[in-house]
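Every number here is computed from the coordinates shown, using simple stated rules; none is lab data. Given the structure is predicted, the values throughout are model-derived calculations rather than measurements. Heads up, the Cβs are rebuilt from the backbone with ideal geometry, glycines too, and the neighbour counts pull from every protein chain shown.
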Amino acid sequence: NTLREQLTGVDAAYLNALIAQAEKHNEPLTCSWVCALVDAIIAGGAPTTVASASQIDYDDLGDPARGLFSVNNPFPGGATNTFVVRVTGNFFLGAASTVSVNSDDGMRFLIDGVLAGASDGVHDNVTVSKANVAAGLHSIEIVFFENGGGASLEFFAQTGTQPAALLQSVPEPA
């Protein structure tokens with residue numbers, strides 16, 4: 001009985017408006033800047049796309065060499081160039097682990113409502129990790145933005161010396 005991560009997309013018009021605002025204020029295009037504005041937009045309106053997935057491994061080019069894993073699902077709603085995604089869900093760790101997000105472009109992720117890491121700016125794949133996340137059930141929120149070129153987003157964990165593995169979603173606790 002797997003539940004899902006919700007992916008909430010904001011279309012290109014919204015993101016382009018955010019980019020214009022950042023440029024107007026001479027701000028670098030960072031997730032800190034974009035994520036704060038995206039939070040306000042998402043809170044104020046309906047998403048353009050809502051989808052479910054048991055794991056997060058997206059790539060707009062379908063190229064297995066893009067990310068760290070080879071699943072590379074297309075982004076929901078056919079998003080390919082300028083968009084924002086918010087992922088929410090739950091995951092379970094059987095032992096203390098390092099939890100990571102790999103993204104192209106910027107992102108921020110929260111575990112149990114606490115900032116765990118961020119990757120600012122427009123860039124190729126960058127992995128940000130939070131070490132020593134305790135065993136047990138956790139919530140995740142990832143806000144990710146893509147601004148041109150290739151896009152990828154992966155959510156995974158590594159326990160000890162075992163290979164990293166994509167995390168599977170689990171149902172919310174009753």
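Data table
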quantity	calculated
Calculated FRET value between N81 and V126, using beta carbons and R₀ = 22 Å, to 0.05	0.70
Rounded FRET efficiency, nearest 0.05, which uses the C-beta distance separating D112 from K24 and R0 of 30 Å	0.25
